[in-house]
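The values are calculated or read from the model by the stated rules, or taken from the named source; none is laboratory data. Model, not experiment: these values are computed from the prediction. Here the Cβ is made from the backbone with ideal geometry for all residues, glycine too, and neighbour counts use every protein chain on show. Each accessible area value is taken on the protein alone, full model and side chains, heavy atoms only, with ligands, DNA and RNA left out. Shrake-Rupley method; radii C 1.70, N 1.55, O 1.52, S 1.80 Å.
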Amino acid sequence: MAFDLEMIKAVYSRFGDRVEAAKKAVGKPLTLTEKILYSHLWDGNATEAYQRGASYVDFAPDRVAMQDATAQMALLQFMQAGRPQVAVPSTVHCDHLIQAKIGAHEDLEIANSTNKEVYDFLSSVSNKYGIGFWKPGAGIIHQVVLENYAFPGGMMIGTDSHTPNAGGLGMIAIGVGGADACDVMAGFAWELKFPKLIGVKLTGKLSGWASAKDVILKVAGILTVKGGTGAIVEYFGEGARSISATGKATICNMGAEIGATTSIFGYDEKAESYLRGTKRADIADLANEVKDYLTGDPEVYADPEQYFDQVIEINLSELEPHINGPFTPDLAWPLSKFGAAVKEHGWPAKLEVGLIGSCTNSSYEDITRAASLAKQAIDKNLKTKAEYTVTPGSELVRYTVERDGYLNTFAQIGGVVLANACGPCIGQWARHTDDPTRKNSIITSFNRNFAKRNDGNPNTHSFVASPEIVTALAIAGDLTFNPMTDTLTNEAGEQVRLDEPQGLEMPIKGYAVEDAGYQAPAEDGSKVQVLVDEKSSRLQILDAFPAWEGTDLHGLRLLIKAKGKCTTDHISMAGPWLKFRGHLDNISNNMLIGAINYFNDTADSVKNQLSGEYGPVPATQRAYKAAGIGTVVVGDENYGEGSSREHAAMEPRHLGVRAILVKSFARIHETNLKKQGMLAITFADVADYNKVQEDDTIDILGLTEFAPAKQLKVVLHHADGTQDTFAVNHTYNEQQIEWFKAGAALNIIRAKQQA
């Protein structure tokens with residue numbers, strides 16, 4: 001039986017009435033996205049139509065999911081909210097802190113020892129506040145959610161940018177920062193700007209080497225890392241119905257790489273089959289009773305241009321496998337053109353490592369298709385030329401594929417099975433290399449490939465593809481190899497060709513597991529003690545951020561003018577820094593150390609205006625804070641793209657940065673900044689970015705009259721005595737302005753609970 005069945009019954013019992021009310025309010029047929037959004041309004045039935053991309057709307061999500069790295073800060077904040085239990089079903093998943101080094105068993109043992117303090121904290125907090133706890137080794141949050149919690153027509157928020165994975169089962173699932181999760185767990189409404197809608201019509205059917213991963217790799221190439229910002233992507237059409245539920249989840253997962261709020265598919269036979277296959281027939285039965293509401297209206301899909309803000313059409317029958325990268329997930333190459341691109345750009349053609357799995361591609365179907373190629377390598381006497389690793393998405397998948405013999409197949413070609421965790425996908429990888437300064441290439445079935453993300457090495461060229469393409473290229477050891485057309489020389493000197501991969505959507509004998517790794521919370525958590533050692537280097541009780549002083553900001557200094565791409569990995573790196581995710585002061589020592597300083601093209605080197613010397617960004621900012629001087633961070637386009645990690649917003653807030661001024665923001669990061677009481681503003685004229693000079697003193701004016709849609713003013717006082725003045729924009733609504741004035745949204749929550 002499914003988790004939280006009574007909650008799901010309640011959602012379905014009102015779903016039809018709410019959709020009908022929304023149709024009446026909107027006055028036209030609805031997309032699936034609109035049906036779910038309008039059915040989850042905080043105030044109940046819809047009475048008005050909201051303006052896409054403009055209206056701020058309060059929603060009531062059904063559940064919250066948190067991974068261990070972000071859960072620490074989310075729960076440290078929730079502990080200040082004053083509630084005895086969470087208001088909605090919530091879970092914690094221990095998947096980020098396990099480092100891939102040797103193999104699954106050894107790595108998990110080391111993680112349990114190294115991270116014991118953090119795991120004990122998360123377990124005890126979960127026990128106290130009624131939160132489901134998934135132990136280390138249970139699996140990656142998104143795969144575990146898909147197997148256990150995702151349901152068609154539901155709405156969930158999660159403290160990870162790849163939360164949209166659950167869209168594969170028809171759920172609106174949105175990545176957020178910990179403060180947003182705290183709001184919902186504390187029983188408050190969750191605010192979101194009503195998204196624009198992008199429709200992707202899929203025709204035809206996948207075959208041969210093409211897979212669901214190639215759909216999103218193609219879409220990423222079309223929309224770029226910014227193209228989905230502020231929008232929900234809804235997939236539909238005969239092609240959509242032909243893709244497995246886990247394949248759909250892969251597509252939705254990587255929607256984060258185009259900046260989309262989330263992505264979604266409608267409920268269909270594939271979703272029903274997956275629900276029944278994962279022992280949730282009760283949910284499938286409930287969904288079938290309202291299935292007409294769990295997809296877009298027929299009129300919408302018959303004439304999509306009238307109902308979506310943008311429509312893309314892809315014929316799956318003609319879709320070629322893609323490889324995206326390096327250094328950005330939207331640099332898309334059809335397989336037939338990739339080899340030439342490798343040669344033209346001088347990327348290292350020798351493939352050193354192929355890695356499959358992660359939250360993006362770790363389903364039973366993914367594993368079996370990749371294993372079919374591994375089996376061919378054995379049968380055709382091929383020796384795998386590159387290192388090869390496999391990361392199962394959950395213990396349910398791992399146990400089942402081991403039972404069915406696939407892990408043994410990987411072992412026979414030298415594959416190393418890693419723990420059921422994020423591992424190399426987020427930089428938790430102790431990579432074996434003889435020369436970290438050498439330019440090298442790796443290929444993964446993960447979702448992100450920013451510089452240094454996987455192994456901390458700026459010389460690593462990381463490419464993204466499907467598990468089957470990754471496996472084929474790992475066997476060849478050569479990025480220019482095209483498995484669709486090329487042959488390989490086997491150990492006997494014969495020319496052999498790899499046949500098309502074959503796989504199973506779900507196991508013939510059904511899924512099996514001995515211990516899925518779930519720990520239910522205590523029935524009465526009132527007596528559970530949550531202890532945090534004051535001397536701990538990994539956990540720290542939070543102090544409230546100070547309220548705004550009520551004046552305009554004068555005499556600020558420029559901390560850094562970031563040049564080019566500045567993701568949350570640049571602002572707050574993962575990898576070895578994950579161990580400090582529960583200690584705000586310690587993790588703040590990685591603030592912006594990956595950002596490139598515009599004035600010297602160097603990372604982690606900025607001018608300290610107090611000493612005139614160059615030094616690390618965090619140390620320089622601490623010097624300003626000690627002197628009582630506020631600062632400004634200036635950035636480029638799509639600032640803060642990537643992970644949902646709110647540490648990228650909390651660290652500058654903690655260290656005394658007063659404002660982030662950029663050309664444009666990624667959605668989650670802008671919201672995180674607002675939640676923490678930061679001033680997030682954008683150039684009204686992006687050319688004004690060029691006016692910012694290294695030695696500037698900066699004023700921000702208009703805050704005493706801070707109001708929605710009203711511009712603020714920035715004055716740059718240059719070292720030569722001249723100055724520039726220009727307007728800046730913001731997207732704060734009245735409630736968000738109150739967050740700024742109070743010092744953080746959490747300060748308001750705390751005050752309400754204490755009232």
Next item on the list: Pull up the DSSP beta bridges for segment 14-166 and report the antiparallel fraction as a percent, rounded to 5.
Entry: 10
Note to self: For a protection proxy built on the mean count of beta-carbon atoms within 10 angstrom, sort 744-750, 637-643 highest first, please.
What the structure shows: 637-643, 744-750
Item checked: Only Lys, Arg (+1) and Asp, Glu (-1) charged, at Cβ; segment 619-711 dipole about Cα centre in debye -> 460
Checklist line | Length gained when the stretch residue 519-residue 313 is fully extended (0.36 nm per residue, less Cα-Cα span) | finding: 69.8 nm
Checklist line | Value of relative contact order over segment 553-602, rounded to a whole percent, pairs C-alpha under 8 Å and six or more apart | finding: 49
Checklist line | Estimated [θ] at 222 nm from DSSP helical runs (n ≥ 4, -39500 (n - 2.57)) normalised by residues in the chain, nearest 500 | finding: -9000 deg cm²/dmol
Next item on the list: Give the accessible area for residue 378 in Å² (nearest 10); use a 1.4 Å probe, count only protein heavy atoms, and leave out ligands, DNA and RNA.
Entry: 60
Next item on the list: Just the number, please: carbon plus sulfur as a percent of the accessible area of segment 131-242, 1.4 Å probe, no ligands or DNA/RNA counted.
Entry: 46
Check: When the dipole is taken about the Cα centre of the chain, and only Lys, Arg (+1) and Asp, Glu (-1) are charged at their Cβ, what size is it in debye, to the nearest 20?
Finding: 600
Notebook entry, point to check: Once label points are set 7 Å from the Cα along Cα→Cβ at both residue 534 and residue 381, what is their separation, rounded to one decimal in nm?
Noted result: 7.2
Notebook entry, point to check: What number, in percent, do you get for the relative contact order of the chain if the mean sequence gap of Cα pairs under 8 Å and at least 6 apart is divided by its residue count?
Noted result: 14
Next item on the list: At 1.4 Å probe size, with no ligands or nucleic acids counted, give the accessible surface of residue 50 in Å², nearest ten.
Entry: 60
Item checked: Segments 26-33, 103-110 sorted - mean Cβ within 10 Å per residue, highest first -> 26-33, 103-110
Item checked: Dipole axis of the chain (+1 Lys, Arg; -1 Asp, Glu on Cβ), positive-most option in 536, 572, 86 -> 536
Item checked: Heavy atoms of residue 654 accessible to a 1.4 Å probe, total area in Å² rounded to 10 -> 40
Margin query: Can you find, among 250, 689, 235, the residue sitting farthest towards the positive end of the charge dipole of the chain, where Lys and Arg contribute +1 and Asp and Glu -1 at Cβ?
Written below: 689
Checklist line | Proximal lysines to residue 350, defined as alpha-carbon separation beneath 16 angstrom and excluding residues fewer than eight positions away on the same chain | finding: 383, 385, 439
Checklist line | Leading residue at positive end of dipole, the chain (Cβ point charges), from 454, 584, 137 | finding: 584
Next item on the list: Return the aspartates and glutamates within reach of residue 607: Cα separation strictly under 20 angstrom, same-chain partners fewer than 8 residues apart disregarded; answer none if there are no such residues.
Entry: 636, 651, 694, 695, 696, 699, 720
Item checked: Peptide ranges 439-450, 137-148 listed from the most packed, as the mean C-beta count within 10 angstrom indicates -> 137-148, 439-450
Notebook entry, point to check: Sequence-distant or interchain residues sharing an amide H contact under 5 Å with residue 171, placed H: which?
Noted result: 153, 265
Check: So how strong a dipole does segment 286-411 carry about its Cα centre when Lys and Arg Cβ are +1 and Asp and Glu Cβ are -1, to the nearest 20 debye?
Finding: 1220
Note to self: Cut-off under 17 Å on the C-alpha distance; same-chain residues fewer than 8 positions from residue 509 excluded. Which lysines are left, in chain and number order?
What the structure shows: 279
